[in-house]
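Below is one structure; the comments refer to it alone.
Readers should treat all values here as calculations from the given coordinates under stated rules, not as data from a laboratory. Worth saying up front: this structure is predicted, and the values here are computed from it rather than measured. Cβ atoms come from the backbone with ideal geometry, glycine included; neighbour counts cover every protein chain shown.
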Amino acid sequence: MPLRTTTILPLGHSHQQSAISNQPKPSFRRIADCWLLTAGCLLVLFPLSASAEFDLSQSVIPIEQIVDGGPPKDGIPAILVPRFGPAAKGTTLPADELVVGVEEGHEAKAYPLRILNWHEVVNDFVGGRPIAVTWCPLTHTAIAVDRRVGGQTFTFGVSGKLWNSHLLMYDHQTESLWSPMALSAVAGPQHGQALIQLPARLTTWDRWHTAHPTTVVLSPTDQTARDYAKDPYTRYQSQRGLWFPVEPTSNRLPAKTLVFGLVVNGVAAAYPLAMLEAGAPMHDMVGDTAVTIQADTPQTARATDAEGRLLPGIVAYWFAWYAFHPETAVHAPAVQPTPEVVP
């Protein structure tokens, strides 16, 4: 019988909200760590089944792969009416703060990860286009999509479900489940419907503001309820293992290696960030398309086409990129041979 309790989840962000009020006293920290590790192992062996909150009778994936992530539906509150502040450089955010930047027309907006960690989905408009900015700390993926599908504009919430350790959001209009990484609805009345991915740049606040001096910045919704300065995924990021089942898997790279993933005309390619030299562009071909990959920092990169237009690529943990794109190629910059020294 599937494990149903959510109080043992070893999750360290909003997925952890069900356990925040029961944080151990410092004197019992070591015992608590062992307990959480055991709980994590149990979750891998006995994944939480999806509850009856959503109708899974219409699903394009095996429903046993849809698992509970801990918090219930809307336990992680998506932002429906975002608030923004002006960008006074040097006073809004630290220069190295990671943000998701989106530009449409003459409008640019920055969404700090410190806020996305606690909300995961932001419903917004940029340049008049209805968009959703999503962030899944479990897969380290920031994905922006158009909220218009089939002539209808959806608003999205956080379902509390995961597929391949990745966020499943749901729409308020039909309560279908949508996967940002799969760019489609995986269950419910909208199953099989596709999302359009939009170019979004995961980068530092300093780089984004320098490139977009008129940008606005997402403001916290309620600082009294959440510690936005805290990164509740620190423990997860430092662990080698995963907390939820993933299929398929690959040992070509360590599971939590950061890669820059890109799909162009159906051809998928991954670039390990550690192999990209910050500031040095890498020119490559993805299928028949010429692309330029450039790392800004050890954690961020971007891709442009031959005309210099930003392409909708993402930074992700290797396990997540491979799970959704098992046919992916792995590209790395050519290593120049060391010149032979002749005495």
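For this structure, a couple of remarks:
- Our note on the geometry: Cα centres of the range 156-193 and the range 282-328, 24 Å apart.
- The protection proxy used here, the mean number of other Cβ atoms lying within 10 Å of each residue, ranks peptides 249-256, 299-306, 315-322 as follows, highest first: 315-322, 299-306, 249-256.
- Oblate is the label for the range 244-310, because the ratio a/c of its alpha-carbon gyration tensor axes (a ≥ b ≥ c) is 1.5 or higher and a/b is not greater than b/c.
- Local net charge near residue 63, Cβ-Cβ under 11 Å (Lys/Arg +1, Asp/Glu -1): -1
- Value of Rg to Rh for the range 117-273 (Rh from inverse mean 1/r over Cα pairs, i.e. Kirkwood): 0.95
- Separation of the alpha carbons by more than 25 angstrom is noted, of 73/256; 161/256; 230/256; 109/230, for 73/256.
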